[in-house]
Amino acid sequence: MNVHEYQAKDLMREAGISVLKGGTAKSGDEAVEVAKKLGGNIWVVKAQIHAGGRGKGGGVKLAKSLEEVKQFGDEIMGMTLITHQTGPEGKVVNTLLVEEGCDIDHEYYVGIVLDRDTSRITMMASREGGVDIEEIAKDSPEKIIKVGIDPAVGYNAYVGRKLGFGIGLKGDTLKKAMKFFEGLYDMYIDRDCSIAEINPLVTTKSGDVIALDAKLNFDDNALYRQPAIEELRDETEESSQELEAGKYGLSYISLDGNIGCLVNGAGLAMGTLDIIKIFGGEPANFLDVGGGATKETVQKAFEIILEDKNVKAILVNIFGGIMKCDIIAEGVVAAAKELKLSVPLVVRLEGTNVNLGKKILEESGLAITPAGDLADAAKKVVAAANGEA
């Protein structure tokens, strides 16, 4: 789950992590009122959407007068902001963040992620802040300092020192940075974060260490014990299909292709997407019905897939273990009949009760194309999506 920058900074402020003073607004006039309360003679007006690259898209403006605060606020509020993370459709800006100015000396990058290769939480820092860290990682990986944290030991001062020295900090600034790193790590653990990213982290000419930007993502599987985080969810920033899928225990992610996928198990779902692409197709979604799906949840999965008008064919790929093939078959038949399915449907079943499942499909009277294995299923669904079946 993602949150907006202003929400992330509120959480960081509660954790004692240094951030700039600011406030939210819904119009240029409200932005001016926030700026007046903050005082000073320079402010930053920021679009609040769940995506990075807002500055390049025109969603971050430096205002040197209250008139400019109003002007920029009115320009940004309600705009469709397009960045490299939103895709060409962009996202509509519904909230502004107005912050006080900052006397920046240098910009850095700091991040925390779970490194699945080492099974450790890893903290990263770089002197190359304020830019796309992905490009730095690709072109100059040596510029990113990484420290894996032993779960048996946890965070200690060594981590902060290595990061701080690695990005060239010294003296009091290093001490402040070490305190910042420790506070960020503690918040990451306490709040069940999956990503914490500060880009840029800045040092000021007076030696302070401040988060100029903030991105926090949270582990969806831990939200049951983080009710305060759950309340921060902005459903306007999320896909309606993904929200609906979540209500039924389905894992759904919308993609850009035209082949709908209904699979059980995340690993099998990823393999299904890969083989569709190998045979020249483009998946329209990732949809994992899990191991405990029922006839009703299978029907709901079909409804969600068909909400995407780009879908030209559907592939059902089930390996029956806990999930029995006959249950899936019943759900497929019921959904196809109730929804009056008009797109080609390819089904591959293996595992528990597979023969019974195939019999249900054969006797349904529906135009369902059976597949013998995953490669056969991919070939057939790609052909169907291209109108060649």
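Quick note: the coordinates plus some simple rules give every number you see, no bench work behind them. Everything quoted here is computed from the prediction, not taken from an experiment. We place every Cβ from the backbone using ideal geometry, glycine too, and count neighbours over all the protein chains shown.
For the range 286-330, the dipole from Cβ point charges (+1 on Lys and Arg, -1 on Asp and Glu) about the Cα centre works out to 80 debye, to the nearest 20. Put the Cα centre of the range 348-382 next to the Cα centre of the range 1-54 and the gap is 53 Å.
Just need the relative contact order of the range 190-261 here, percent rounded to a whole number, with Cα pairs under 8 Å and 6+ apart.
It comes to 22 percent, rounded to a whole number.
Tell me the relative contact order for the chain as a rounded percent, counting alpha carbon contacts under 8 Å between residues six or more apart. Numbers along the way, then the final one.
Working: 795 pairs, mean separation 45.4, N = 389.
Relative contact order for the chain comes out at 12 percent.
Bridge orientation summary for the range 231-353: considering DSSP beta bridges with both residues in this region, about 20 percent are antiparallel. Please state the shape class of the range 55-109: rounded when a/c is under 1.5, otherwise prolate if a/b exceeds b/c and oblate if not, all from the C-alpha gyration tensor. Oblate, because a/c is 1.5 or more while a/b does not exceed b/c.
The packing ranking, built from the mean of other Cβ atoms within 10 Å per residue, places the peptides 41-49, 73-81 in the order 41-49, 73-81, highest first.
In percent, what relative contact order does the range 30-148 have, based on Cα pairs under 8 Å that are 6 or more apart in sequence?
On the way: 204 pairs, mean separation 26.8, N = 119.
In percent, rounded to a whole number, it is 23.
Could you state the number of Å between the C-alpha centres of the range 321-343 and the range 241-281? The range 241-281 and the range 321-343 have Cα centres spaced 16 Å from each other.
Looking at the square roots a ≥ b ≥ c of the eigenvalues of the Cα gyration tensor of the range 277-389, which shape do they give, rounded for a/c under 1.5, prolate if a/b is larger than b/c, or oblate?
Working: a/c = 1.43, a/b = 1.27, b/c = 1.13.
Judged from the Cα gyration tensor, the range 277-389 comes out rounded (a/c under 1.5).
Centre-to-centre, using Cα atoms only, the range 60-119 and the range 152-209 are separated by 22 Å.
Under unit Cβ charges (Lys, Arg +1; Asp, Glu -1), what dipole magnitude, rounded to 20 debye, does the range 108-192 have relative to its Cα centre?
On the way: 13 positive and 14 negative charges, 85 e Å.
Rounded to the nearest 20 debye, it is 420 debye.
Placing pseudo-labels 7 Å out from each Cα toward the beta carbon at GLU135 and HIS84 gives an inter-label distance of 0.6 nm. Bridging of LYS138 to aspartates and glutamates at a Cα separation below 14 Å is possible for GLU128, once same-chain residues fewer than 8 apart are set aside.
Using 21 Å as the Cα-Cα cut-off, could you pick out the over-long pairs in LYS37/LYS70; LYS162/LYS215; LYS91/LYS143; LYS36/LYS64; LYS300/LYS340? Working shown, then result.
Working: LYS37/LYS70 14 Å; LYS162/LYS215 23 Å; LYS91/LYS143 32 Å; LYS36/LYS64 13 Å; LYS300/LYS340 14 Å.
LYS162/LYS215; LYS91/LYS143, as the Cα separations exceed 21 Å there.
Computed from the C-beta positions of MET270 and LYS179, the FRET efficiency with R₀ = 25 Å rounds to 0.05. Put a dot 7 Å past the Cα of VAL153, heading toward its Cβ, do the same for LYS36, and the two dots end up 5.4 nm apart. Remark: spin-label model distance GLU338-LYS143 equals 5.5 nm, labels positioned 7 Å along the Cα→Cβ axis. Just to confirm the filter: which chymotrypsin sites (Phe, Trp or Tyr not before Pro) across the range 286-389 are DSSP coil and have at most 15 other Cβ within 10 angstrom of their Cβ? Sites meeting the loop and neighbour criteria: none at all.
Provide the FRET efficiency to the nearest 0.05 for the ASP105-LEU223 pair, computing r from the beta carbons and using R0 = 45 Å. Walk me through the numbers on the way to the answer.
Values: r = 38 Å, r/R0 = 0.85.
Once rounded, the FRET efficiency stands at 0.75.
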